[in-house]
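Participant: Input: one structure, supplied below.
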Amino acid sequence: MSSSLSVYLLDVAATRALVGSRDEQLLTLIRDESADDLVRDDDYFQDEIAQGAPTSYEALQAVVHGGPFSKDSEHAFQYGYAYMRLCELTGSFLDNDSFTPHRGDWLSTVDQGLKALGITAVSVESFSDGDLPGPLPYTVTPGCGEWTSDQIARALEQFETTRQAVDAAGQAPPLDDEVVEAVTQCLGWMRYAAARPGLGVIGFRS
């Protein structure tokens, strides 16, 4: 079974602050502009909803109001996707063709490529961690992770240090072409964010 990675450029702290913000204007905007998407998602998860999971909009309401959340852990995925929808609305989608679709331990493999270039400040595997802002309940899918602007700045410094060492030695680390393409895409995300002070990246693995 394949997975996908959706990555967004945004203000990480401001996006996390939407959880529990009780912003009714935001909810109205999503309901009006994403009505078709909400219906589509409810149709996709109709079996789960029939068994008591919240609808897409109900999950959004709970996320923006900071609760209440279903006590059934099997329903937690809806709150993860609701938070992802907030990122879609407030952020800019970043190219993900090196990661969608992907199979197996591809994210870990790309992390090994990043480490080969000296980059340890960020990790694409972290987008699988399910690290949603509190008080959202934990869910395996979608996984969620973030790169802050400080982490991105540090990662680019690490890459520059390695690049200079490679230039001096005249030999680059041996990496498969697909890994090089994926690492290059990650560096593109980082450079795009770094050119916009204060912005970071939030990614979702589903």
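Participant: I need every pair where a residue in segment 1-17 that is touching a residue at least 24 places away in the same chain (Cβ under 8 Å) and within 11 Å of Val201 (Cβ to Cβ) has its Cβ under 9 Å from the Cβ of a residue that is among the hydroxyl-bearing types (Ser, Thr, Tyr) and assigned to a strand (DSSP E or B), sequence separation at least 6 or different chains.
Facilitator: From residues that are touching a residue at least 24 places away in the same chain (Cβ under 8 Å) and within 11 Å of Val201 (Cβ to Cβ), the pairs are Tyr8/Ser92; Leu9/Ser92; Leu10/Ser92; Thr15/Tyr8.
Participant: So which of Ala153, Ala169, Ala165 is hydrophobic (A, V, I, L, M, F, W, C) and closer than 19 Å to Gly200 by Cα?
Facilitator: After applying the criteria, what remains is Ala153.
Participant: Which count do you get for residues in segment 95-119 that are part of a helix (DSSP H, G or I) and not β-branched (Val, Ile, Thr)?
Facilitator: Going through segment 95-119, the residues part of a helix (DSSP H, G or I) turn out to be 106-116.
Filter once more, keeping what is not β-branched (Val, Ile, Thr): 106-108, 111-116.
The qualifying residues number 9.
Participant: Still on this structure, please answer the following. Of Pro133, Pro101, Pro137, which residue is open to solvent by less than 10 Å² (accessible area, probe 1.4 Å) and under 19 Å from the mean Cα position of the chain (by Cα)?
Facilitator: Pro133
Participant: Which ones in segment 165-183 are within 11 Å of Leu117 (Cα to Cα), part of a helix (DSSP H, G or I) and either within 30 Å of the chain's Cα centre (by Cα) or at pLDDT 95 or above (or both)?
Facilitator: We begin by selecting, within segment 165-183, every residue within 11 Å of Leu117 (Cα to Cα); these are 165-166, 172-175, 180, 183.
Next, only the ones that are part of a helix (DSSP H, G or I) stay: 165-166, 180, 183.
Hits for segment 165-183 are Val180, Val183.
Participant: What single numbered condition from (1) assigned to a helix (DSSP H, G or I); (2) touching a residue at least 40 places away in the same chain (Cβ under 8 Å) fails to hold for Arg22?
Facilitator: Of everything listed in (1) assigned to a helix (DSSP H, G or I); (2) touching a residue at least 40 places away in the same chain (Cβ under 8 Å), Arg22 misses just condition (1).
Participant: I'm trying to understand the selection: among the residues of segment 113-130, which are without any contact (Cβ under 8 Å) to a residue 40 or more places away in the chain, closer than 16 Å to Leu187 by Cα and open to solvent by 40 Å² or more (accessible area, probe 1.4 Å)?
Facilitator: Lys115, Thr120, Glu125
Participant: On to the next question. State whether one or more residues within segment 148-161 are in a helix (DSSP H, G or I), β-branched (Val, Ile, Thr), in contact with a Phe, Trp or Tyr (Cβ under 9 Å, 6 or more places away or on another chain) and surrounded by 14 or more Cβ atoms within 10 Å (Cβ to Cβ).
Facilitator: Yes - at least one qualifying residue is present in segment 148-161.
Participant: Within segment 81-95, restricting attention to residues that are in contact with a helix residue (DSSP H, G or I) (Cβ under 9 Å, 6 or more places away or on another chain) and open to solvent by less than 30 Å² (accessible area, probe 1.4 Å), which residue is nearest to Val7 (Cα to Cα)?
Facilitator: Among those that are in contact with a helix residue (DSSP H, G or I) (Cβ under 9 Å, 6 or more places away or on another chain) and open to solvent by less than 30 Å² (accessible area, probe 1.4 Å), it is Leu94.
Participant: Could you check segment 1-15 and list, in sequence order, the residues that are in a helix (DSSP H, G or I) and touching a Leu at 6+ places or on another chain (Cβ under 9 Å)?
Facilitator: As a first pass, look at segment 1-15 and keep what is in a helix (DSSP H, G or I): 12-15.
Of everything in segment 1-15, those that are in a helix (DSSP H, G or I) and touching a Leu at 6+ places or on another chain (Cβ under 9 Å) turn out to be Val12, Thr15.
The values are calculated or read from the model by the stated rules, or taken from the named source; none is laboratory data. For clarity, every value in this text was computed on a predicted model and none was experimentally measured. Note that we place each Cβ from the backbone using ideal geometry, even for glycine, and neighbour counts take in every protein chain shown. SASA here: full protein model, heavy atoms, side chains in, ligands and nucleic acids out. Shrake-Rupley method; radii C 1.70, N 1.55, O 1.52, S 1.80 Å.
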